[in-house]
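Chemist: Please find one structure pasted underneath; my questions will follow.
The values are calculated or read from the model by the stated rules, or taken from the named source; none is laboratory data. No experiment lies behind these values; they were computed from the predicted model shown. Cβ coordinates were reconstructed from backbone atoms using ideal geometry, including for glycine residues, and neighbour counts include every protein chain displayed. Surface areas here come from the heavy atoms of the whole protein model, side chains and all, with no ligands, DNA or RNA. Shrake-Rupley method; radii C 1.70, N 1.55, O 1.52, S 1.80 Å.
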Amino acid sequence: TGTCNNAPDLYPTYVKSAGTLYNKGGTMTVEFTIKNNGGTLATPHKVGIYLSTNTAITAADTLLGYYQRVSLLNVGSSYKVTGKKVTVPKGTKAGTYYMGVYADHDKKLWEASETNNGKNYASKITVK
């Protein structure tokens, strides 16, 4: 992750799900940490929580929900979110997935790098 003197750079450093087996329509509890590695403050932003068929978490994956950060994030600082509940859509096909987060998922914040915003949980998630 590079830095830029005139832009924030949000990226996830940690992602975890409370479990690995979920029913369609079931609730998933997640936690994650987001860091600002850029050169300026990050303004309030959203972090999307996604279900993906691969390890590359992007805003094109299935959105489960999001976390709204309402305060500024200083340069070099991070914050941790715990106990965030999201719902697995009832229409999700049974199978194996990756859960992950994507910082600034709605692209409202201009960042030094847009290529480091996604991170997946290392364990696979099974939807039945």
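Chemist: I want to confirm something. Restricting to the stretch 65-82 and keeping residues that are of a type in the set (A, V, I, L, M) and out of contact with any Leu (no Cβ under 6 Å at 6 or more places or on another chain), which single residue is nearest to residue 12 (Cα to Cα)?
Modeler: Pass one, the stretch 65-82, residues of a type in the set (A, V, I, L, M): 70, 72-73, 75, 81.
After this cut, where a residue has to be out of contact with any Leu (no Cβ under 6 Å at 6 or more places or on another chain) as well, the list is 70, 73, 75, 81.
Numbers: 70: 17, 73: 13, 75: 14, 81: 11 Å.
It comes out as 81.
Chemist: (1) of a type in the set (A, V, I, L, M); (2) under 30 Å from residue 128 (Cβ atoms); (3) in contact with a Pro (Cβ under 9 Å, 6 or more places away or on another chain): which one isn't true of residue 41, the others all being true?
Modeler: Unmet condition: (2).
Chemist: Does the stretch 16-38 contain any residue that is over 15 Å from residue 114 (Cα atoms), among the basic types (Lys, Arg), modelled with pLDDT of 95 or more and not in a strand (DSSP E or B)? Working first, answer last.
Modeler: From the stretch 16-38, those over 15 Å from residue 114 (Cα atoms) are 16-33; that's our starting set.
Cutting the leftovers down to among the basic types (Lys, Arg) gives us 16, 24.
From what is left, the residues that are modelled with pLDDT of 95 or more are 16, 24.
Imposing the further condition that a residue be not in a strand (DSSP E or B) reduces the set to 24.
Within the stretch 16-38, one or more residues are over 15 Å from residue 114 (Cα atoms), among the basic types (Lys, Arg), modelled with pLDDT of 95 or more and not in a strand (DSSP E or B).
Chemist: Out of 59, 94, I need the residue that is hydrophobic (A, V, I, L, M, F, W, C), open to solvent by 20 Å² or more (accessible area, probe 1.4 Å) and at pLDDT below 95. Which one?
Modeler: On the way: 94 fails: at pLDDT below 95.
59 is the lone residue from the list that is hydrophobic (A, V, I, L, M, F, W, C), open to solvent by 20 Å² or more (accessible area, probe 1.4 Å) and at pLDDT below 95.
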